[in-house]
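For reference, the structure is listed below as structure tokens.
The values are calculated or read from the model by the stated rules, or taken from the named source; none is laboratory data. The structure presented is a predicted model; accordingly, all values stated were derived computationally and were not measured. For neighbour counting, all protein chains shown are included, and Cβ atoms are generated from backbone atoms with ideal geometry for every residue, glycine included.
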Amino acid sequence: MLTYETQVQTIQSLLWQYGQADPRGIALRFEGTDGKDVYNITAPFEDRGHTVLAGRVEGRDTELSTVVFFRQAGDCWVPHPDYPTFALQDPFFTRIDGELVFGGVRVIVDPLNPDNIVSWVTELYRGSDIASLAPFFSGPYRMKDLRLVQLASGEIGVLTRPQGYKGGRGKIGFYKVRSLEELRAKDIEKAPLFEEQFVDEEWGGANEPHLLADGRVGVLGHIASFDEAGFRHYYAMAFAFDPDTMERTPMKIVATRSDFPAGSAKRPDLTNVIFSGGLVRLPGGRAELYVGASDAEAYRIELPDIFAEYEQL
């Protein structure tokens, strides 16, 4: 039977449970980006009969990026000529009442020094398809990893990640609204947090929530920390929770940077970083996980369905 967890977990304990990494991930190739890196991708999804994915496109010496929608051409991905681009970071998508909801992080720069990022905000767009996307909501300032999921009740679950006084380096919260029109930045800031999920020295966030067969929500996310040298360490993790009670399962690491081939990094302190982009659940208890790596590359890996155990009561 599925168990719930209230005891805090650390990266060290989760890595011990995860065991040995297996470097079987596959790099995704991108062309048509003028030599810029593509990372922190979404999983592929269908739009107007085309399979596309969104990726963060960025020069190696900047964090000012553009989100581009790509389509597959042979063994590589190329920008879709018919789709708009967005001045955002870290794209994500979901569907609410059959409508496409797309989002990303818009950075706010110092007007006197455009290379200096002073804040950021998660922006949401909606439309019947990519071509019709229009902005409809901006989240609280300095909050990334804001995600939506339609629940079995028809309500909309909102996953949050405050920092600072309430969230420290970053903790996950959750609340519900009845419609997209009810989203309010002040309510997002007040959302209750999952109790005892991260130690104060570490942080995490939700990257892609999935409605599970029994009405619970499975969360693909990340857990991260700094080491003594100030280098970042990010791991893909997952857990499930009951949207009515917020009871949650233990977290588990589902992939590490060592599960993918060695490659480029934006900076040395980002070498051991993967950022969960999305999951495609496959028949036969398998799944494909899509990640960004080291703020420079994108990979996919096939693995056992990370949510299957939560549906097997």
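Quick one: how many residues across the range 145-154 are over 23 Å from Pro135 (Cβ atoms) and buried (at least 16 other Cβ atoms within 10 Å of the Cβ)?
Adding up the residues that qualify gives 1.
Restricting attention to the range 95-116, report how many residues are in contact with an Asp or Glu (Cβ under 8 Å, 6 or more places away or on another chain) and β-branched (Val, Ile, Thr).
Residues meeting the conditions: 3.
Where in the range 116-216 are there strands (runs of 3 or more DSSP E), lying wholly inside it, with at least 3 residues that are touching a residue at least 24 places away in the same chain (Cβ under 8 Å)?
Strands (runs of 3 or more DSSP E) meeting the threshold: 134-138, 147-150, 156-160, 202-211.
Condition check: touching a residue at least 24 places away in the same chain (Cβ under 8 Å), on the phi < 0 side of the Ramachandran plot, hydroxyl-bearing (Ser, Thr, Tyr) and not in a strand (DSSP E or B). Does Tyr310 satisfy that?
Considered against the rule, which asks whether it is touching a residue at least 24 places away in the same chain (Cβ under 8 Å), on the phi < 0 side of the Ramachandran plot, hydroxyl-bearing (Ser, Thr, Tyr) and not in a strand (DSSP E or B), Tyr310 comes out as yes.
Condition first: in contact with a strand residue (DSSP E or B) (Cβ under 8 Å, 6 or more places away or on another chain) and polar (S, T, N, Q). Can you find one or more residues in the range 234-248 that meet it?
no
Pick from His210, His233: which is surrounded by fewer than 22 Cβ atoms within 10 Å (Cβ to Cβ) and within 20 Å of Ala298 (Cβ to Cβ)?
His233
Within the range 19-96, which strands (runs of 3 or more DSSP E) (wholly inside it) include 1 or more residues that are basic (Lys, Arg) and crowded, with 20+ Cβ neighbours inside 10 Å?
50-58
If a residue has to be closer than 27 Å to Gly205 by Cα and either basic (Lys, Arg) or without any contact (Cβ under 8 Å) to a residue 60 or more places away in the chain (or both) to count, how many in the range 59-92 make the cut?
Number satisfying all stated conditions: 17.
Just the residues that are of a type in the set (A, V, I, L, M, F, W, C), out of contact with any Ser or Thr (no Cβ under 6 Å at 6 or more places or on another chain), outside any loop (DSSP other than H, G, I, E, B) and touching a residue at least 60 places away in the same chain (Cβ under 8 Å), please, taken from the range 225-253.
Within the range 225-253, Met237, Ala238, Phe241, Ile253 qualify.
Among the residues of the range 122-173, how many are of a type in the set (Phe, Trp, Tyr) and in contact with a Lys or Arg (Cβ under 7 Å, 6 or more places away or on another chain)?
Result for the range 122-173: 1.
Which numbered condition trips up Asp145, out of (1) under 22 Å from Phe93 (Cβ atoms); (2) in contact with a helix residue (DSSP H, G or I) (Cβ under 7 Å, 6 or more places away or on another chain)?
Unmet for Asp145, out of (1) under 22 Å from Phe93 (Cβ atoms); (2) in contact with a helix residue (DSSP H, G or I) (Cβ under 7 Å, 6 or more places away or on another chain): (2).
Which one of Leu303, Leu220, Leu279, Leu289 is under 17 Å from Pro23 (Cα atoms), hydrophobic (A, V, I, L, M, F, W, C) and within 14 Å of the chain's Cα centre (by Cα)?
Going through Leu303, Leu220, Leu279, Leu289 in turn, just one is under 17 Å from Pro23 (Cα atoms), hydrophobic (A, V, I, L, M, F, W, C) and within 14 Å of the chain's Cα centre (by Cα): Leu289.
Checking Phe102 against (1) surrounded by fewer than 19 Cβ atoms within 10 Å (Cβ to Cβ); (2) among the hydrophobic types (A, V, I, L, M, F, W, C); (3) in contact with a strand residue (DSSP E or B) (Cβ under 6 Å, 6 or more places away or on another chain), which single condition isn't satisfied?
With respect to (1) surrounded by fewer than 19 Cβ atoms within 10 Å (Cβ to Cβ); (2) among the hydrophobic types (A, V, I, L, M, F, W, C); (3) in contact with a strand residue (DSSP E or B) (Cβ under 6 Å, 6 or more places away or on another chain), Phe102 is out only on (1).
Of the residues Asp269, Asp244, Asp305, Asp259, which single one is at pLDDT 95 or above, within 23 Å of Met143 (Cα to Cα) and of a type in the set (Asp, Glu)?
Asp269
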